[in-house]
Amino acid sequence: MEMSSREFAHCPVQVLAAAERGETITVTVNGAAVARVVPITHDDVLPYTTDPMGAIQLPDLGLPDLTDN
């Protein structure tokens, strides 16, 4: 399936539904392909949710703890 960026902007839910059905959608700007929305498989999805920042490890600077007790 191919659609313009304007069509894509007006119906993103339908685009995602098409991808979920297995369709590949090519998005165009002024007739030129600029992006592709493709379906993913279970192999592409991690088995757990991820934090985009990842675990934050702060260095121990040896300073006193300033938390209220």
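So the values come out like this:
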{"read-out": "Test result for Ala32, modelled with pLDDT of 95 or more and either over 14 Å from the mean Cα position of the chain (by Cα) or exposed (fewer than 13 other Cβ atoms within 10 Å of the Cβ) (or both)", "value": "yes"}
{"read-out": "Which listed residue, of Pro59, Pro52, Pro39, is under 16 Å from the mean Cα position of the chain (by Cα) and modelled with pLDDT under 85", "value": "Pro52"}
{"read-out": "The stretch 49-69 residues that are of a type in the set (Phe, Trp, Tyr), paired with ones that are modelled with pLDDT of 70 or more (beta carbon under 7 Å, 6 or more apart)", "value": "none"}
{"read-out": "Of residues in the stretch 1-23 being assigned to a helix (DSSP H, G or I) and in contact (Cβ under 8 Å) with a residue 12 or more places away in the chain, the one surrounded by the fewest Cβ atoms within 10 Å (Cβ to Cβ)", "value": "Glu20"}
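The values are calculated or read from the model by the stated rules, or taken from the named source; none is laboratory data. From a predicted model like this one, the values you see are computed outputs, not experimental measurements. Using ideal geometry, Cβ is built from the backbone for each residue, glycine included, and neighbour counts are taken over all protein chains shown.
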